[in-house]
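Report on the structure given below.
Nothing in this text is a laboratory measurement; each read-out follows from the coordinates by a stated rule. All of these numbers come straight from a predicted model, not from anything done at the bench. Positions of Cβ are generated from backbone atoms using ideal geometry, with glycine treated the same way; all protein chains shown enter the neighbour counts.
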Amino acid sequence: MLEKSNIGGEFLDDETKERIRQIGQRKIRLGAQEQSILSDDEVKNLCISRGTLSQDERIIINGHMVQTIKMLEALPFPRNLRRVPEYAGGHHEKMDGSGYPKGLYAGDMSIPARIMAIADVFEALTASDRPYKKAKPLSLTLKIMS
């Protein structure tokens, strides 16, 4: 169970998280010293509900879009490419405003930025190279996205 939890996945149920916490409270004696089987950090990381990133790590990862936008805005794009920072920077936005970095709604985004955001969700759902989840079939992906 601990080995499976250490891989990460789409969803870790409350029962498994509670079992991990119980294991983490167990002590072992090494010579004259007693210590926990799992450290607090190990328990925290094994209890991640989705994927493999903690909340703190997720915040750091999400910051990559802010840095991407800043770097792209510093480049001297020709006129026909001047909106590249907007398009690239919007690929993690979601139509319902729950994305990042700006939490934009569909109406706040240009058509190309929306296309990038939709393509990113499609790719995330169908990607076969994610260690924490299997690729979803096209029929299910389209159902989720509709």
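The count of lysine pairs in the stretch 21-146 whose Cα atoms are under 23 Å apart, excluding pairs fewer than 8 places apart on the same chain, comes to 11.
Restricting to Cα pairs below 8 Å that are 6+ residues apart, what does the relative contact order work out to for the chain? Please round to a whole percent.
18
Relative contact order of the stretch 39-108, taken over Cα pairs closer than 8 Å and 6 or more residues apart, is 20 percent. Within the shell of other residues whose beta carbon sits under 11 angstrom from the beta carbon of His91, the net charge comes to -2, with Lys and Arg scored +1 and Asp and Glu -1.
If you run the Gaussian network model on the chain, springs between alpha carbon atoms under 10 Å, then out of Lys27, Lys17, Lys102 the most flexible one is Lys27.
Kirkwood-based Rg over Rh for the chain (C-alpha set), two decimals?
Answer for the chain: 1.13.
The Cβ shell under 15 Å around Leu142 holds other residues with a net charge of +1, Lys and Arg each +1, Asp and Glu each -1. Here Ser49 and Asn80 are evaluated by their C-beta separation; at R0 = 41 Å the FRET efficiency comes out at 0.40. Inverting the pair-averaged 1/r between distinct Cα atoms of the stretch 63-145 gives 13.8 Å as its Kirkwood hydrodynamic radius.
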